[in-house]
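Undergrad: Before I ask anything, here is the structure I am working with.
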Amino acid sequence: MSKVKPSPLPPDTLIGGYRVVRRVAAGGFGVVYLAIGSDGMQVAIKEYLPASLVTRSPGSLQPQVAPEKLSLYRLGLKSFFEEGRSLAQISHPSVVSVMNFFRENETVYMVMNYLEGASLQEFIVIARDLKNSKVFRESTIRSLFDEILRGLRIVHQHKMLHLDIKPANIFISDDDKAVLIDFGAAREVLSKEGNFIRPMYTPGFAAPEMYKRDSSMGPWTDIYAIGACIYACMLGFPPSDAPQRVTTDRVPVALKRVQGVYSDNLIEVVEWCMSLNPLERPQSVFALQKQLNRHGERRYTRLSVGDKVRMQLDTIVSDTKKTVLKTSNPGTKLK
């Protein structure tokens with residue numbers, strides 16, 4: 001029997017001078033609320049509330065933490081607070097804007113600008129279901145990730161890593177801005193220190209070094225996730241998760257299926273970003289931007305008849321497997 005998730009704050013709760021309107025989203029590490037400030041402005045407030053460490057009864061304000069989990073809870077709390085403080089120093093249209101952060105109810109709250117729109121994940125699912133040859137046009141992919149990389153470069157310049165880049169954490173606002181949201185510093189700290197049975201990463205988007213306790217992480221770790229997101233925009237589903245790729249790497253086979261649909265250059269960029277060896281990836285966002293912006297060098301592989309037949313067979317086999325999986329688990333979504 002699964003553990004009951006801690007209850008969110010009820011509507012009309014006052015925290016830090018803000019009035020909670022409703023819960024917007026919830027994950028394993030926190031809850032996001034729509035709230036109203038004293039000036040009447042709408043904001044998003046993220047509450048540090050790791051479901052694996054705390055409980056909270058309906059109507060209560062303060063999370064309850066078992067004594068044996070208290071040190072780990074405080075470690076994540078400190079990381080979440082420091083993340084809020086660092087993000088508050090960044091002002092870039094492609095990075096979520098943190099306007100305030102404060103401690104209350106024995107936890108921490110991060111106040112951000114409230115965005116209206118949808119995540120890249122939602123757009124990928126809609127585009128995929130249209131069953132066109134391309135999930136997204138190449139020009140759309142290049143333009144979208146040019147925006148995201150501009151923001152990520154600023155993040156890295158502030159000596160921060162995102163550590164949870166995935167389509168669900170790339171938000172496309174109604175005024176057509178692409179914004180990085182939901183940074184993963186607290187998640188990373190708890191993953192490394194908590195000895196949890198299941199990794200706290202989204203399969204397919206987490207770099208292989210994130211699964212190893214003592215491995216070195218840097219800009220190349222976020223760059224792996226960027227490559228995986230571009231892959232999802234091209235094929236409509238996530239790549240295999242990193243531990244699986246170490247034994248059986250299906251990424252090159254999948255990318256071969258979109259040769260001729262997308263330029264060789266874009267496919268090469270994805271392969272470069274998603275190298276299993278961190279040293280073989282772009283070591284900085286600037287290096288990746290340079291390659292992604294080389295529009296004049298696009299070339300397309302002309303597939304032979306044999307290649308097309310093999311690809312068609314691969315697609316039929318892949319679709320059959322998906323149908324079986326969907327029948328056995330109808331709730332499967334893009335992660």
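Undergrad: Under 12 Å from the 7 Å Cα→Cβ point of V24, by amide nitrogen: which residues of the stretch 62-99?
TA: Flagged as within label range: 96-99.
Undergrad: Considering only Cα-Cα distances, which of the following residue pairs are longer than 21 Å: K46/K78; K5/K177; K46/K166; K5/K46?
TA: As for pairs spanning more than 21 Å Cα to Cα, those are K5/K177.
Undergrad: Subtract the Cα-Cα distance of D264 and A118 from 0.36 nm times their separation in residues, and report this length gain in nm to one decimal.
TA: 49.6 nm
Undergrad: Could I ask something else about it? Two decimals is fine: what is log10 I(q)/I(0) at q = 0.16, 0.21 Å⁻¹ for the stretch 1-52, from a Debye sum with one equal scatterer on every Cα and no solvent?
TA: For the stretch 1-52, the Cα-only Debye profile gives -0.45, -0.70.
Undergrad: Could you tell me how far the Cα centroid of the stretch 210-280 sits from the Cα centroid of the stretch 50-74, in Å?
TA: The distance from the Cα centre of the stretch 50-74 to that of the stretch 210-280 comes to 36 Å.
Undergrad: Let me ask something additional. Using R₀ = 30 Å, calculate the FRET efficiency as 1/(1 + (r/R₀)^6) where r is the Cβ-Cβ separation of M217 and Q291; round to 0.05.
TA: Details: r = 22 Å, r/R0 = 0.72.
According to the calculation, E is roughly 0.90.
Undergrad: Taking 7 Å along the Cα-to-C-beta vector as the label spot, tell me the Q64-L276 distance in nanometres, rounded to one decimal.
TA: Reported label-point gap for Q64 and L276 is 4.6 nm.
Undergrad: Once you order the gyration tensor axes a ≥ b ≥ c over the Cα atoms, which shape class does the stretch 16-113 get: rounded for a/c under 1.5, otherwise prolate or oblate by comparing a/b with b/c? Working shown, then result.
TA: Details: a/c = 2.11, a/b = 1.37, b/c = 1.53.
Oblate.
Undergrad: Provide the gained length on full extension for the span T13 to S143, in nm with one decimal, where the gain is 0.36 nm per separating residue minus the Cα-Cα distance.
TA: Contour length minus the Cα-Cα distance gives 42.7 nm.
Undergrad: Continuing with this model, one more query. At a threshold of 8 angstrom on Cα-Cα distance, excluding pairs fewer than six apart, so keeping six or more, what relative contact order does the stretch 1-87 reach in percent?
TA: On the way: 127 pairs, mean separation 20.1, N = 87.
That works out to 23 percent.
Undergrad: May I ask you to compute the full-extension gain from K177 to K256, defined as 0.36 nm times their residue separation minus their alpha-carbon distance, rounded to one decimal in nm?
TA: In short, 25.3 nm is gained.
No lab work stands behind these numbers, since they all come straight from the coordinates. Remember, predicted model here, so these are calculated numbers, not experimental data. Using ideal geometry, Cβ is built from the backbone for each residue, glycine included, and neighbour counts are taken over all protein chains shown.
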